């Protein structure tokens, strides 16, 4: 099967190249040729006419919760803090077994809306514990099959609840045993937890050890929610992850299956000094560890205990700063949609870029490129996707996974003011077209423009 996209702009760093129009041919799911056009061409009906719009690598949700989306209507927020979010969500989860189809339909809406935005790959976290058991996983496996030709869904089985009942228990509880069962089910790609929910730092470290062991036994990637605080007195658990990963040969370059460790949130790291960042980079060297910033959740939830007259401090990994200063490429992801952990925000990864430009005060040419990479190629690398492009500009042989941003002609516009109309392409096949209809009353006449 072949596909041709004509009159497209590509995300070249060179300004002159970025203004040129290109013809990109795809065959059997890969880019087969890229041709510069001297002028805009008429396009046959079977080709896609980008009409001078920017074509970028398809978007990626490196971290999103498939089972906890669109729950806000079932909850009434009062304090808005993490404890309330855990309590409200736990109450809603306790009723999941009564209506498993609801999990599927909410997840279906999430994936469908994501694909319309340009997403063709996602790591979907689904909760596994003694309460919900495997019911969220079963819905995710159905969705993975339903969208198999449209979006690559990696399933991460995730323990939001503690794996130890209290600080005195030596053995893990039923939440761990449910997670252990989930890891053995075909179709699962990663396993993870939130070590910070344990009662003590010792149990948090034991939680990390248990999850790494499960990943080793089941040949899975690892995905932790980690260091989700802005407390300068707290011990950063990332060092424990690094220490334990160093001892596991699956994370060595010589491993036949080299698992990745993906770390979400990590807001505590924003308190690091320059020296601490350099130390962290040195300790991570050679390990397949990726960081994922979750700005909408982090900014909403962090710093609530502060008594500062200036208001609560905010913290999320500074994506544009960490790359030039420390060569750390950080992914960005949506995390939650309409629930107690993140009541606000869009499913569109590009919305994170414009949000990031504001919170990081970063709108330079290089910063906008870093932000765009964070929701495309960097996100795909963060979840262990192999055989993927490493640049915003396609090369022959790359997978033909793109999004055409209709009406957008530059990286700067894509990041700072992303449009609505898009064409999503996966494996050289158009899988979604999203277009708007504008109505304006002009000079006393009705005019409708599609």
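Assorted remarks:
- Of the residues 178, 124, 162, the single one that is out of contact with any helix residue (DSSP H, G or I) (no Cβ under 9 Å at 6 or more places or on another chain) and surrounded by 19 or more Cβ atoms within 10 Å (Cβ to Cβ) is 178.
- Filtered by the rule that a residue be over 24 Å from the mean Cα position of the chain (by Cα) and either in a helix (DSSP H, G or I) or crowded, with 24+ Cβ neighbours inside 10 Å (or both), the stretch 93-115 gives 96, 97, 98, 100, 101.
- Which listed residue, of 194, 190, is farther than 28 Å from residue 304 by Cα and in contact with a strand residue (DSSP E or B) (Cβ under 6 Å, 6 or more places away or on another chain): 190
- Residue match in the stretch 69-91 (condition: part of a helix (DSSP H, G or I), in contact with a helix residue (DSSP H, G or I) (Cβ under 9 Å, 6 or more places away or on another chain), within 22 Å of residue 407 (Cβ to Cβ) and not assigned by TED's automatic domain parsing to the domain that holds residue 405): no
- Residue-level check: of (1) closer than 28 Å to residue 300 by Cα; (2) modelled with pLDDT of 95 or more; (3) within 18 Å of the chain's Cα centre (by Cα), residue 364 misses just (3).
- For the stretch 124-154, a residue qualifies if it is assigned to a strand (DSSP E or B) and within 26 Å of residue 403 (Cα to Cα), and the qualifying residues are 124, 125, 152, 153, 154.
- Sub-7 Å Cβ pairs linking a first residue in the stretch 316-336 that is on the phi > 0 side of the Ramachandran plot and crowded, with 19+ Cβ neighbours inside 10 Å to a second residue that is modelled with pLDDT under 95 and not in a loop (DSSP other than H, G, I, E, B), at least 6 apart or interchain, number zero.
- Residues in the stretch 188-209 that are surrounded by fewer than 21 Cβ atoms within 10 Å (Cβ to Cβ) and either without any contact (Cβ under 8 Å) to a residue 24 or more places away in the chain or under 19 Å from the mean Cα position of the chain (by Cα) (or both): 1 in all.
The values are calculated or read from the model by the stated rules, or taken from the named source; none is laboratory data. Given the structure is predicted, the values throughout are model-derived calculations rather than measurements. Note that each Cβ is placed from the backbone with ideal geometry, even for glycine, and that neighbours are counted across all protein chains shown.
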